[in-house]
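The values are calculated or read from the model by the stated rules, or taken from the named source; none is laboratory data. Bear in mind the structure is a predicted one, so any value in this text is a computation, not a measurement. FYI the Cβ positions are ideal-geometry reconstructions off the backbone, even for glycines, and counts take in every protein chain you see.
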């Protein structure tokens, strides 16, 4: 078995990169690998993803993410060097472009560098990420993306010769599926601008005009957009139907999916959204904006859920209304979604990680 080190800018904040990192770390540790999770900075509000970690955890700086002084950078290099020297040969998985630029020149020869990018090509193209990936990932052993579509796009447009695709895993697999008879649409995620829950509320309001029954939209999550979204729901005439649930502990999310009938994903951009996979594992179909290969890998349009063109609220509302109006269609898509989601079960994704390690060392 090998040493596997996962490095994040901040390993303990509530977020998708962190959740995937801790899930995979625990899974690989359970298979006998010597696994280490490194956060270059501490989290402002640390979130515990694994109750009894079988892997080692390290925090390099006791400061939050931000500009790092010269002395702090020297301490970082020293502390990382001491950690690297203690580790047996294996792999260093750098989970974002920022981590790659900080660590790749520091890694010793016995830790083979792998760079992950958790976002989509579309998102990278609109930010500094694409230039960073193009400039730094090609010299690594592998550049890992969350979907085959994204891996191909980076290969073509960032001229990367070393791409690989690895989906985000589902941490658990439920023993039963949702009945889909309730009248509840779910929106799950941080209440922040990029998630565009305002568009979900707008689409829900339009869909409700044609709904024979009284439906509710439950928004699960916390964030700075809460009051603005509440005002938007009032302006759309659905303030009494939009329920702001706040944060729900991960251990209780199963009950939420079992009570839901449709998941709405209205994000501006996504890599591979775990909430869609989790909903699918409970047999809950999704309506989503078609913003990435990762979304398309989970939502097969017309088969496991429905896709709308990016930012097209009217099309999203029409798709949502169709599912709200037909329990039979919800069950057809939901059953197919649950069957498809088996490809994202943790054990299958861990197999693919180990295949990646074998390919690197072949």
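Counting only helices (runs of 4 or more DSSP H) that fall entirely inside the stretch 84-138 and contain at least 2 residues that are more than 22 Å from residue 274 (Cα to Cα) and in contact (Cβ under 8 Å) with a residue 12 or more places away in the chain, the qualifying elements are 97-103, 129-136.
Checking 72, 54, 88, 43 one by one, the residue that is at negative phi, surrounded by fewer than 18 Cβ atoms within 10 Å (Cβ to Cβ) and modelled with pLDDT under 95 is 72 and no other.
Looking at the stretch 148-248, the helices (runs of 4 or more DSSP H) lying wholly inside it that each contain 2 or more residues that are more than 24 Å from residue 295 (Cβ to Cβ) sit at 226-235.
Please tell me if residue 316 is crowded, with 24+ Cβ neighbours inside 10 Å and either in a loop (DSSP other than H, G, I, E, B) or in contact (Cβ under 8 Å) with a residue 60 or more places away in the chain (or both). For residue 316, the condition - crowded, with 24+ Cβ neighbours inside 10 Å and either in a loop (DSSP other than H, G, I, E, B) or in contact (Cβ under 8 Å) with a residue 60 or more places away in the chain (or both) - is met.
Just to be sure I understand, how many residues within the stretch 217-245 are surrounded by 12 or more Cβ atoms within 10 Å (Cβ to Cβ) and on the phi > 0 side of the Ramachandran plot? Matching residues across the stretch 217-245 total 2.
Looking across the stretch 255-268, just one residue is crowded, with 20+ Cβ neighbours inside 10 Å and more than 19 Å from residue 333 (Cα to Cα), and that is 267.
Cβ-Cβ distances below 8 Å connect the following pairs, each with a first residue in the stretch 187-207 that is on the phi > 0 side of the Ramachandran plot, a second residue that is part of a helix (DSSP H, G or I), and a separation of six or more residues or different chains: 189/195; 189/197; 189/275.
Answer with yes or no whether residue 224 is under 23 Å from residue 309 (Cβ atoms), out of contact with any strand residue (DSSP E or B) (no Cβ under 7 Å at 6 or more places or on another chain) and modelled with pLDDT under 95. No.
When the residues of the stretch 104-117 are filtered to those that are modelled with pLDDT of 95 or more and under 30 Å from residue 291 (Cβ atoms), the one that is farthest from the chain's Cα centre (by Cα) is 113.
In contact with a strand residue (DSSP E or B) (Cβ under 7 Å, 6 or more places away or on another chain) and either surrounded by fewer than 20 Cβ atoms within 10 Å (Cβ to Cβ) or not assigned by TED's automatic domain parsing to the domain that holds residue 283 (or both) - does that describe any residue in the stretch 194-207? Taking every residue of the stretch 194-207 in turn, none turns out to be in contact with a strand residue (DSSP E or B) (Cβ under 7 Å, 6 or more places away or on another chain) and either surrounded by fewer than 20 Cβ atoms within 10 Å (Cβ to Cβ) or not assigned by TED's automatic domain parsing to the domain that holds residue 283 (or both).
What do you reckon, is residue 341 in a helix (DSSP H, G or I), touching a helix residue (DSSP H, G or I) at 6+ places or on another chain (Cβ under 6 Å) and under 30 Å from residue 3 (Cα atoms)? So residue 341 fits the description; yes.
Scan the stretch 249-275 for residues that are within 19 Å of the chain's Cα centre (by Cα), assigned to a helix (DSSP H, G or I) and more than 30 Å from residue 150 (Cα to Cα) and the total you get is 3.
Conditions (1) touching a strand residue (DSSP E or B) at 6+ places or on another chain (Cβ under 9 Å); (2) modelled with pLDDT of 95 or more; (3) over 24 Å from residue 122 (Cα atoms); (4) outside the structural domain of residue 199 (by TED's automatic domain parsing), marked per residue:
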{"position": "274", "(1), (2), (3), (4)": "yes, no, no, no"}
{"position": "283", "(1), (2), (3), (4)": "no, yes, yes, no"}
{"position": "289", "(1), (2), (3), (4)": "yes, yes, no, no"}
{"position": "301", "(1), (2), (3), (4)": "yes, yes, no, no"}
{"position": "304", "(1), (2), (3), (4)": "yes, yes, no, no"}
{"position": "309", "(1), (2), (3), (4)": "yes, yes, no, no"}
{"position": "312", "(1), (2), (3), (4)": "yes, yes, no, no"}
{"position": "321", "(1), (2), (3), (4)": "no, yes, yes, no"}
{"position": "332", "(1), (2), (3), (4)": "no, yes, yes, no"}
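Scanning the stretch 147-162 for residues that are closer than 23 Å to residue 298 by Cα and in contact with a strand residue (DSSP E or B) (Cβ under 9 Å, 6 or more places away or on another chain) returns 147, 148, 149, 150, 151, 152, 153, 154, 155.
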